[in-house]
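Engineer: Please read through the structure below; I'll follow up with questions.
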Amino acid sequence: MKVSKEIINGFYIFLGIAFFFLLLEVLNLSHLFYLRLLNVLFIFYGVNTTLKMNLAEGKNSFMPNAISAMITSFTGVVLSIIALMIYSYARGGDLYVKSLSQAFMFGGDPSVETYSLCLFFEGTASCIIVTLLLMLYWNNKYKAD
C-alpha cells in the first residue's frame with residue numbers, strides 16, 4: 001500500500017513541530033509564547049512541498065490542489081495535537097496543561113481535553129490560512145476552471 005504524499009508531508013509537519021517544541025522544552029524556552037507561533041513555518045513547508053509535488057506531476061487544477069494542501073496541513077495538525085495529548089498526560093495531565101496555559105494567555109483552568117480542543121480549532125484555522133496563502137502564491141501555475 002502506497003502512502004499518499006499528503007500524509008507523508010503531514011507527517012513531516014508533525015515531526016518538525018514535535019522536534020521544535022521538544023527543543024523549546026529542553027532549552028527551557030517553552031514559556032515564550034511568541035516562539036510557539038513559529039510552528040506555522042513547518043505547516044508552510046509541508047503544504048508548499050505538497051503543492052510543488054502536485055505541480056511537478058502535472059496536476060494543475062485549483063480545487064484538487066487546494067484539497068491536497070488542506071489534507072496535508074490538517075494531517076500535521078491532528079498528529080501534533082494527538083502527540084501533545086499523550087505528552088501532556090505523560091507530564092502530569094491537567095497540571096502540565098495549566099503550566100502551558102499560564103504562558104499562552106489561556107484563561108481559566110483548562111483540562112488536557114479543553115486545551116487540545118482549542119488548539120484543534122486554532123490549528124484548523126491556521127490550515128485554512130496557510131492553504132489560502134500558498135494557493136494565492138502558486139495561483140499563476142493553475143489553469144483557469
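Engineer: Using the alpha carbon gyration tensor of region 1-79, what are the three equivalent-ellipsoid semi-axes (square root of 5 times each eigenvalue), largest first, in whole Å?
Structural biologist: Square roots of five times the eigenvalues give 28, 12, 9 Å.
Engineer: First measure r as the distance between the Cβ atoms of Leu35 and Leu117, then evaluate 1/(1 + (r/R0)^6) with R0 = 22 Å and state the FRET efficiency to the nearest 0.05.
Structural biologist: 0.45
Engineer: Still on this structure, please answer the following. Give the Cα extents of the chain along the principal axes, in whole Å, largest first.
Structural biologist: Computed over the chain, the largest-to-smallest principal extents equal 51, 32, 26 Å.
Engineer: What value, in deg cm²/dmol to 500, does the helix sum -39500 (n - 2.57) over DSSP H runs of n ≥ 4 give at 222 nm once divided by the residues of the chain?
Structural biologist: So the calculated ellipticity at 222 nm is -25000 deg cm²/dmol.
Engineer: Under 19 Å from a label point 7 Å along Cα→Cβ of Ile8: give me every residue in region 52-77 with its amide N that close.
Structural biologist: 52-60, 65-77
Engineer: Do any trypsin sites (Lys or Arg not before Pro) in region 1-51 lie in a loop, going by DSSP, with at most 12 other beta-carbon atoms within 10 Å of their beta carbon, and if so which?
Structural biologist: The qualifying sites are Lys2.
Laboratory data are not the source of any read-out in this text; all were calculated from the coordinates shown. What you see is a predicted model; the values in this text were computed from it and never measured. Methodologically, a virtual Cβ is constructed for each residue, glycine included, from the backbone with ideal geometry; neighbour enumeration extends over all protein chains shown.
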